[in-house]
Amino acid sequence: MRAGSDIVERPSPDRIREWLTEVTDPEIPVLTIEDLGILRDIRQEDDGVRVTITPTYSGCPAMMAIRMEIVRTLNARGIDRVRVDEVLSPAWTTDWLSERGREKLRAYGIAPPAGKAQGKSALFGEPDAVACPQCGSERTTRTSEFGSTACKAMYRCEDCLEPFDYFKCI
Amino acid sequence: MNKLEQQQFEYLLRLGDSDLILGQRLSAWLGHAPVLEEEMATGNVALDLVGQARSWLGLAGEIEGAGRDADRLAYFRDAFDYRNVLLAERPNGDYAYTIMRQFLYDAYHYPLLERLSASADERIREVAAKSLKEVQYHVRRSSEWVIRMGDGTRESHDRIQAALDDLWMYTGEMLTPDEVDQALLETGVAADLERVAGAWHERVREVTAEATLVIPDESWMQQGGKQGRHTEHLGYILAEMQFLPRAYPDARW
Ligand SMILES: [Zn+2]
């Protein structure tokens, strides 16, 4: 223990949160973990910093990369001891996607989730109208329930004919 | 482990192993699926199931308290220690067979997780609530495909009807409680399989009717997976899935 060093140097959780805005989702690199809403808690503890995140999907392969990136980012800022915990509850929902995140998705060519995530309604009902991120038309058709990653479905625009990804509600 | 912990451990293995084995089965379609969209869908469903399996097996390892984590349980148990339902280990067959197997499982999986989201055990509630969100998309997709194939061409109809006929006898054990299910139901931990069965029958009736398929007559049901008595297929699945960690036990990503 270096006497007194933690009194002077300990960065606040807000500061750490700011640093962690550099960490992005490797599968949708325009989104930071904060935009996604998966960064749940940051705590200064006696034995280092503890960051808590929640997975978007149970089998999301990006989680490992995100954990490593969190550790790397904080190490680079001089925080040697970083622990990343994963919690399942409350379960992540697309409702936590920030407004900024939704705008970034649209600009990136991915339609953001339409409406609220509601377990039951997705079962058989059709989702709300999904607007084409290219031309804004709501005349779109779902071509597959699953896209290039677990969080997306595939759509096609009937006006501009572009195929596009839709970040589906969960 | 005391008796109750032993039963919880068994129960969690059933949940985890069923997801894991079906996920492993599905992943064998990667590179072979009939169309690109299905390639991705199958891969994503497989990934969800393996992810869920990791949560269930992690929990099983915690309860066992012998230092086995999810990987240890997945890679270092033999067939007789596996507790997956037999349906999950059925071979992939043609695509109609894979889709029907998926539908019969999803139609059980969804109401099962719904009930487990209200389990007396908080850790089970958490995993179930998370998984349920994912499985709603699984059951929607497989239902749509059953309808599309059943009410499609004569060829697709015949194939998916044949799949339903062949798989039917493997559906009984998922819906029939045994001693472990019963004991844990009494403590509020497990799902009430009678109610799960009610929801399952309703969905299967609804979807097969729209798909113009005929549900097989009541017949003898094969049991055993939940107790560790498996078909010869499981050994081959494990041989492939476990090869690397068994040959190179210290291998790391
Ligand atoms: Zn368009």
Subset of the stretch A:82-109 (residues that are more than 12 Å from every other protein chain (Cβ to nearest Cβ) and under 14 Å from the mean Cα position of the chain (by Cα)): A:TRP96, A:LEU97, A:SER98, A:GLU99, A:ARG100, A:GLY101, A:ARG102, A:GLU103, A:LYS104, A:LEU105
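Which of the residues spanning the stretch B:29-56 are among the hydrophobic types (A, V, I, L, M, F, W, C) and closer than 22 Å to B:ALA107 by Cα?
So in the stretch B:29-56, the residues among the hydrophobic types (A, V, I, L, M, F, W, C) come out as B:29-30, B:33, B:35-36, B:40-41, B:45-47, B:49-50, B:53, B:56.
B:TRP29, B:MET40, B:ALA41, B:VAL45, B:ALA46, B:LEU47, B:LEU49, B:VAL50, B:ALA53, B:TRP56, listed by residue number.
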Residue that is nearest to the ligand (Cβ to nearest atom) [pool: residues in the stretch A:150-170 that are closer than 27 Å to A:SER58 by Cα and of a type in the set (A, V, I, L, M)]: A:MET154
Looking only at the stretch B:99-127, and only at residues there that are among the charged types (D, E, K, R) and within 17 Å of the chain's Cα centre (by Cα), the one that is surrounded by the fewest Cβ atoms within 10 Å (Cβ to Cβ): B:ARG115
Filter result for B:MET40 (over 18 Å from B:LEU104 (Cα atoms) and surrounded by fewer than 21 Cβ atoms within 10 Å (Cβ to Cβ)): no
Positions within the stretch B:217-253 being farther than 30 Å from A:MET63 by Cβ and aliphatic (A, V, I, L, M), in sequence order: B:MET221
Candidate set from the stretch A:140-149 (those that are more than 8 Å from the ligand (Cβ to nearest atom) and more than 14 Å from B:LEU36 (Cα to Cα)); member that is nearest to the chain's Cα centre (by Cα): A:ARG142
So B:ARG72, is it part of a helix (DSSP H, G or I), open to solvent by 30 Å² or more (accessible area, probe 1.4 Å), farther than 28 Å from B:ASP165 by Cα and away from every other protein chain (no Cβ under 14 Å): yes
Qualifying residue in the stretch A:93-109 (condition: away from the ligand (no atom under 16 Å from the Cβ), modelled with pLDDT under 90, out of contact with any His (no Cβ under 8 Å at 6 or more places or on another chain) and not assigned by TED's automatic domain parsing to the domain that holds A:ARG50): no
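The values are calculated or read from the model by the stated rules, or taken from the named source; none is laboratory data. Here the structure is a predicted model, which means the values were calculated and not measured. Here Cβ is always computed from backbone atoms with ideal geometry, including for glycine, and neighbour counts include all displayed protein chains. SASA here: full protein model, heavy atoms, side chains in, ligands and nucleic acids out. Shrake-Rupley method; radii C 1.70, N 1.55, O 1.52, S 1.80 Å.
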